[in-house]
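A.B. asks: There's a structure below that I have some questions on.
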Amino acid sequence: DTGMFTYDPGFTSTGSCESKITYIDGDAGVLRHRGYAIDDLAKNCDFLEVAYLLLRGELPNKAELTAFEGTMARHTMVHEQLAKFYQGFRRDAHPMAVMCGVVGALSAFYHDSTDISDPYNRMVSQHRLIAKMPTIAAWAYKYSIGQPFMYPKNDLSYAENFLYMMFATPCEDYKVSPTLARAMERILILHADHEQNASTSTVRLAGSSGANPFACIAAGIASLWGPAHGGANEAVLKMLSEIGTVDRIPEFVKKAKDKNDPFRLMGFGHRVYKNYDPRATIMAETCREVLAELGVENEPLLQVAVELERIAREDEYFIEKKLYPNVDFYSGIIFRAMGIPVSMFTCLFALARTTGWVAQWSEMIEDPHQKIGRPRQLFTGEFDKTFVALDERK
Ligand code: SDX
């Protein structure tokens with residue numbers, strides 16, 4: 001109790017909470033999920049293995065993973081009426097706007113599991129959200145390009161299914177390359193959870209009132225959309241494209257250092273990491289692997305990104321401000337190489353982070369001492385004014 005704020009289990013008034021899911025040491029550049037290093041998870045697991053870990057607290061054995069994959073497979077389809085729900089959007093709607101709307105609408109289609117006082121409903125809602133997100137995200141893309149929706153195929157992995165629903169059409173099948181599927185599984189793992197970031201805190205605060213999990217995840221998607229948060233991967237691509245060539249980098253680095261210029265180097269800096277974001281290291285390796293696999297390792301944007309990182313890391317402003325590349329710096333280059341449009345980049349972040357949001361929501365809702373979140377404020381307004389009737393106001 002600091003005198004100004006009192007502690008309550010759901011949220012301290014300073015907006016922090018207790019959790020067992022993810023540990024970050026921003027100064028040391030450490031990220032661990034349920035005690036496991038992100039490097040070990042990203043390089044050795046597939047996405048549903050890590051989803052199981054985040055939800056249940058331990059890595060699954062083979063039988064547990066097979067059962068979990070089976071459960072997920074039975075929830076990948078969405079209600080047929082929900083497919084019609086997309087028709088209400090303009091074709092040129094941003095896919096994040098569509099995802100916000102469609103995920104919020106899930107509580108109207110699955111109202112049987114919105115009564116979260118029942119543990120079974122809470123579990124079914126968890127599974128529905130994680131399993132249906134690839135379908136919902138891929139359909140947002142298909143709707144934007146006027147192609148028919150592709151139904152999930154339950155013999156595909158989580159990432160394969162997403163890429164299949166993105167790029168297959170009724171006229172021709174789409175075989176997902178093992179390298180791209182592996183890269184996508186790793187990218188989804190790197191985005192799965194990240195402690196109490198803005199969107200996760202949004203989900204927890206929304207959930208602390210007892211709102212149903214579908215509405216809470218829709219709130220998380222809305223928060224993630226911001227360019228300072230999950231929208232940064234889309235902003236990085238636009239920035240790299242605007243820089244265009246390596247020789248224009250110094251001009252943009254100078255703008256980023258100018259206090260009077262609102263321009264910031266997208267994909268750099270972090271609220272917590274004051275050292276290298278460990279996810280960015282793995283993402284850079286994955287970027288080089290994917291571009292080599294696709295034969296585009298000389299992709300100009302990658303050259304600009306690598307040189308921009310080198311220059312920024314040697315620049316005394318960025319060193320003094322402890323600004324390093326974050327998880328969003330390389331992801332957009334990989335997605336673009338895979339043929340994923342810029343407008344879908346943040347949707348992929350939301351797709352992956354849904355598992356973290358669901359795990360964090362569950363942890364909060366299962367806490368027997370949980371109370372509604374109620375962050376306090378420091379009041380800085382005028383306090384005691386004399387009322388003046390309308391006719392007498394100047
Ligand atoms: C994500 O919270 C999470 O965990 C989020 C996330 C997750 O997984 O959920 O990790 C995902 O959101 C990653 C961040 C993606 N956003 C971007 O890449 C957008 C560009 N970065 C910034 O807008 C910025 O770095 C923030 C928003 C991420 C952090 O901003 P802060 O809190 O202001 O950072 P800071 O306090 O460390 O800044 C120190 C100084 C400040 O200058 P001074 O006020 O000290 O003079 O560095 C400056 C900032 O203005 N600064 C930058 C900069 N980021 C911070 N200057 C130029 N370019 C930048 N990118």
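Nothing in this text is a laboratory measurement; each read-out follows from the coordinates by a stated rule. Just so it is clear, the structure is predicted and the values come from calculations on it, not from any experiment. Heads up, the Cβs are rebuilt from the backbone with ideal geometry, glycines too, and the neighbour counts pull from every protein chain shown.
A.B. asks: Provide Rg over Rh for the stretch 37-146; use the alpha carbon set for both Rg and the Kirkwood Rh (inverse mean inverse pair distance). List each step's numbers first, then the result.
C.D. replies: On the way: Rg = 15.9 Å, Rh = 15.5 Å.
Across the stretch 37-146, the Cα-based Rg/Rh ratio is 1.03.
A.B. asks: So, one more: Summing -39500 (n - 2.57) over the DSSP H runs of n ≥ 4 in the chain and dividing by its residue number, what mean residue ellipticity at 222 nm do you reach, to the nearest 500 deg cm²/dmol?
C.D. replies: -16500 deg cm²/dmol, from helical runs alone.
A.B. asks: Once a ≥ b ≥ c are taken as the square roots of the eigenvalues of the Cα gyration tensor of the chain, is the result rounded (a/c under 1.5), prolate (a/b larger than b/c) or oblate (a/b not larger than b/c)? Don't skip to the answer; put the middle values down first.
C.D. replies: Values: a/c = 1.41, a/b = 1.06, b/c = 1.33.
Rounded, because the longest to shortest axis ratio a/c is under 1.5.
A.B. asks: Can you grab the distance from the C-alpha centre of the stretch 89-154 to the C-alpha centre of the stretch 231-264, Å, no decimals?
C.D. replies: 34 Å
A.B. asks: Let me ask you something else. Among rounded, prolate and oblate, which fits the stretch 242-307 when a ≥ b ≥ c are the square roots of the eigenvalues of its C-alpha gyration tensor, a/c under 1.5 means rounded, and a/b larger than b/c means prolate?
C.D. replies: Details: a/c = 3.54, a/b = 1.34, b/c = 2.64.
Here the stretch 242-307 falls in the oblate category.
A.B. asks: Quick check on the stretch 233-372: take the gyration tensor over C-alpha atoms, sort the square-rooted eigenvalues as a ≥ b ≥ c, and tell me if it's rounded (a/c under 1.5), prolate or oblate. Spell out each step's value before the answer.
C.D. replies: Numbers: a/c = 2.24, a/b = 1.40, b/c = 1.60.
It comes out oblate by the Cα gyration axes.
A.B. asks: Relative contact order for the chain: what is it in percent, counting Cα pairs under 8 Å that are at least 6 residues apart?
C.D. replies: 25 percent
A.B. asks: Then there is this: Mind telling me which of V103, V296, V358 comes out most flexible in a GNM of the chain, alpha-carbon contacts under 10 Å?
C.D. replies: Highest fluctuation among the options: V296.
A.B. asks: I'd like the Karplus ³J(HN,Hα) series for the stretch 166-180: coefficients 6.51, -1.76, 1.60, θ = phi - 60°, whole numbers in Hz, and an x wherever there's a Gly or Pro.
C.D. replies: Taking θ as phi minus 60°, the curve returns 6, 10, 6, 9, x, 8, 8, 6, 10, 8, 7, 5, x, 5, 5 Hz for the stretch 166-180.
A.B. asks: So, by mean Cβ neighbours within 10 angstrom, what's the order for 33-46, 258-271 with the highest one leading?
C.D. replies: Values: 33-46: 17.7, 258-271: 15.5.
In descending order of packing, they fall as 33-46, 258-271.
A.B. asks: In a shell of Cβ-Cβ distance under 10 Å around S157, excluding S157 itself, what net charge do Lys and Arg (+1) and Asp and Glu (-1) give? Show your work: numbers first, answer last.
C.D. replies: Details: positive: R182; negative: D46, E69, D155, E160, E185.
Once all neighbours under 10 Å are counted, the net charge is -4.
A.B. asks: Let me ask you something else. Residues with beta-carbon under 14 Å from that of A337, excluding A337: net charge, scoring Lys, Arg +1 and Asp, Glu -1?
C.D. replies: Net charge in that neighbourhood comes out at -2.
A.B. asks: Could I ask something else about it? Once you list every other residue whose beta carbon is under 15 Å from the beta carbon of D173, what net charge do they have if Lys and Arg are +1 and Asp and Glu are -1? It would help to have the intermediate numbers written out before the result.
C.D. replies: On the way: positive: K153, K175; negative: D155, E160, E172.
Once all neighbours under 15 Å are counted, the net charge is -1.
A.B. asks: Let me ask something additional. Mind scanning K255/K321; K62/K371; K43/K254; K254/K274 and naming the pairs with a C-alpha gap bigger than 26 Å?
C.D. replies: Details: K255/K321 15 Å; K62/K371 37 Å; K43/K254 36 Å; K254/K274 21 Å.
Over 26 Å Cα-Cα: K62/K371; K43/K254.
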